[in-house]
Amino acid sequence: MNRRTVRINVGKGYDVYIENGILSHCGELFKKSAGNTRAAIITDSNVANLYLEKVASSLKNEDIPVESFVFEAGEKSKNINTLTSILEFLAENRLTKADTVVALGGGVTGDLAGFAASVYFRGINLIQMPTTLLSAVDSSVGGKTAVNLSSGKNLAGTFKQPKAVICDPETLLTLPDGEFRNGKAEVIKYGILFSKELFDGFADGAKGKDIGETIESCVAFKGKTVENDEFDSGERKLLNLGHTVGHSIEKCSNFTVPHGFAVAAGIAIVARAGEKIGITQNGTAKAIENVLENNGLPIDSEFSVKDLVSAALSDKKRDGDKITLVIPQKIGKCILKDLSVNDLEDFIDKGKKY
Ligand code: NAD
Ligand code: GLY
């Protein structure tokens with residue numbers, strides 16, 4: 001067994017277990033973290049075909065009663081209707097306050113199942129089992145949950161820390177290449193925020209020697225940030241690097257551009273604009289563009305500045321007439337900068353290439 005464990009000291013604290021093949025014996029860790037409770041596995045149609053049976057068998061081997069709910073894969077399902085269906089499913093199956101929701105899948109599953117676990121009976125146990133690179137390095141840790149509304153991305157949500165995160169890097173072997181690249185955008189984001197070494201490790205676009213080690217580093221960076229600012233009132237906002245423009249791109253594309261791709265373009269736009277206003281060290285934007293492009297990620301968006309700004313005005317990072325942006329100073333160091341919404345158009349315009 002080659003298990004990596006990262007402790008997240010938020011609330012009562014929880015462990016993130018990272019180990020190849022861990023899903024085959026996740027029942028033991030479920031019991032250790034949530035006790036002798038029933039499990040409601042929430043998953044999407046793709047992940048259900050690949051991993052539902054494995055997880056359900058391991059839970060049943062530990063005498064844990066299992067129910068499962070499968071929704072149609074994709075960002076379009078991350079809405080209030082799917083959330084309602086999950087809540088109705090929990091109630092129909094008489095899950096109690098003592099029981100546990102298992103989020104088995106990517107960030108869409110984690111956000112929906114986490115939301116449901118946080119409001120059903122005003123909160124029941126949650127265990128995250130991420131199966132995409134993006135959810136392994138980011139969304140399964142830290143407790144944010146959300147659904148999209150027609151006005152924009154993640155506009156309704158809660159904070160719900162899990163009891164444990166059980167991450168099996170072997171699941172990434174079935175991930176389509178585009179989905180793997182989608183997750184790399186978040187890894188590169190951590191590099192720009194916290195670690196030139198992590199950033200440089202992805203410079204040539206290779207998959208990385210040991211993805212378990214990469215996941216461990218990212219989770220540790222995120223864990224420290226969330227420990228210092230669980231509810232996103234300061235330091236945690238740094239994790240939104242590339243997200244203001246990224247969310248606008250997602251919304252303008254009617255959620256057909258995946259989150260990581262949108263964030264990648266958002267990071268590059270902010271870095272170019274940051275150089276033009278003198279916050280970002282010269283050459284940083286080019287270094288970011290190179291790494292993103294080498295990893296098959298976009299560095300700009302086809303949507304017009306006006307459309308991006310209009311979408312950003314309903315972003316939840318807006319606070320009255322200002323919006324907080326994350327701007328790189330150099331690789332490994334970013335700052336928060338409040339911008340008046342009136343100046344946002346000019347700022348994004350400075351960062352657009354085409
Ligand atoms: P996703 O959950 O839609 O997964 C992407 C695709 O991969 C889906 O089609 C899914 O069925 C498929 N898939 C998942 N695991 C697989 C596997 N092992 N093998 C084959 N296919 C697999 O999307 P995502 O990229 O994981 O997450 C994006 C979502 O996460 C966005 O909605 C974003 O807003 C959210 N997010 C949330 C947080 C947070 O802190 N809560 C942070 C970052 C992103
Ligand atoms: N993904 C950003 C956060 O968790 O704060």
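The values are calculated or read from the model by the stated rules, or taken from the named source; none is laboratory data. Note that this is a predicted model, so its numbers are computed, not measured. Here the Cβ positions follow ideal geometry from the backbone for every residue, glycine too, while neighbour counts run over all protein chains shown.
If you scan the range 123-139, which residues turn out to be over 14 Å from Leu23 (Cβ atoms), more than 8 Å from ligand 1 (Cβ to nearest atom) and free of Cβ contacts under 8 Å to residues at least 60 places away in the same chain? Those that are over 14 Å from Leu23 (Cβ atoms), more than 8 Å from ligand 1 (Cβ to nearest atom) and free of Cβ contacts under 8 Å to residues at least 60 places away in the same chain: Gly123, Ile124, Leu126. For the range 225-256, the set of residues classified as crowded, with 22+ Cβ neighbours inside 10 Å and part of a loop (DSSP other than H, G, I, E, B) consists of Leu241, Gly242, listed by residue number. Counting only helices (runs of 4 or more DSSP H) that sit wholly inside the range 263-354, those with at least 3 residues that are more than 24 Å from Gly178 (Cα to Cα) and not polar (S, T, N, Q) are 305-312, 341-351.
Kindly establish whether Asn2 is surrounded by fewer than 17 Cβ atoms within 10 Å (Cβ to Cβ) and within 22 Å of the chain's Cα centre (by Cα). When the stated conditions are applied, Asn2 does not pass them. When Asp229 is tested against (1) touching a residue at least 40 places away in the same chain (Cβ under 8 Å); (2) within 15 Å of ligand 1 (Cβ to nearest atom); (3) in contact with a Lys or Arg (Cβ under 6 Å, 6 or more places away or on another chain), exactly one condition is not met: (1). The number of residues in the range 119-136 being farther than 21 Å from Ala40 by Cβ and more than 10 Å from ligand 2 (Cβ to nearest atom) comes to 2.
Scanning the range 142-157 for residues that are near ligand 1 (Cβ under 10 Å from one of its atoms) and either assigned to a strand (DSSP E or B) or more than 29 Å from Ser314 (Cα to Cα) (or both) returns Lys144, Thr145, Ala146, Val147, Asn148, Lys153, Asn154, Gly157.
Residue pairs whose Cβ atoms lie under 9 Å apart, sitting 6 or more positions apart in sequence or on different chains, and linking a residue in the range 96-107 that is on the phi > 0 side of the Ramachandran plot and buried (at least 24 other Cβ atoms within 10 Å of the Cβ) to a partner that is at pLDDT 95 or above and assigned to a loop (DSSP other than H, G, I, E, B), are Gly105/Ala73; Gly105/Thr131; Gly105/Thr132.
Taken over the range 46-78, the criterion of being loosely packed, with under 14 Cβ neighbours inside 10 Å, within 11 Å of ligand 1 (Cβ to nearest atom) and free of Cβ contacts under 8 Å to residues at least 40 places away in the same chain is satisfied by Asn49, Glu72. Taking residues in the range 168-196 that are surrounded by fewer than 24 Cβ atoms within 10 Å (Cβ to Cβ), and partners anywhere that are in a helix (DSSP H, G or I) and of a type in the set (Gly, Ala, Ser), the pairs with Cβ atoms closer than 6 Å and at least 6 places apart or on different chains are Pro169/Gly212.
In the range 190-219, the residue that is nearest to Glu170 (Cα to Cα) out of those that are aliphatic (A, V, I, L, M) and more than 17 Å from the chain's Cα centre (by Cα) is Ala206.
One line per residue, one yes/no per condition, for (1) closer than 16 Å to Ile331 by Cβ; (2) modelled with pLDDT of 95 or more; (3) touching a Lys or Arg at 6+ places or on another chain (Cβ under 7 Å); (4) not small (Gly, Ala, Ser):
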| site | (1), (2), (3), (4) |
| --- | --- |
| Ala264 | yes, yes, no, no |
| Val291 | yes, yes, no, yes |
| Asn295 | yes, yes, yes, yes |
| Asp315 | no, no, no, yes |
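Taking the range 237-261 as the range and being more than 10 Å from ligand 1 (Cβ to nearest atom), over 15 Å from Ile188 (Cβ atoms) and of a type outside the set (Gly, Ala, Ser) as the test, the residues that pass are Lys237, Thr244, Val245, Ile249, Lys251, Cys252, Asn254, Thr256, Val257.
Out of curiosity, is Leu29 in contact with a Phe, Trp or Tyr (Cβ under 9 Å, 6 or more places away or on another chain), crowded, with 21+ Cβ neighbours inside 10 Å and over 17 Å from Lys160 (Cβ atoms)? Here the answer is yes, as Leu29 does meet what is asked.
Among the residues in the range 206-220, are any within 14 Å of ligand 2 (Cβ to nearest atom), crowded, with 22+ Cβ neighbours inside 10 Å and free of Cβ contacts under 8 Å to residues at least 60 places away in the same chain? Looking through the range 206-220, none of the residues is within 14 Å of ligand 2 (Cβ to nearest atom), crowded, with 22+ Cβ neighbours inside 10 Å and free of Cβ contacts under 8 Å to residues at least 60 places away in the same chain.
Return the residues of the range 57-84 that are part of a helix (DSSP H, G or I) and under 24 Å from the mean Cα position of the chain (by Cα); say none if nothing qualifies. If the condition is that a residue be part of a helix (DSSP H, G or I) and under 24 Å from the mean Cα position of the chain (by Cα), then Glu75, Lys76, Ser77, Ile80, Asn81, Thr82, Leu83, Thr84 are the ones that fit.
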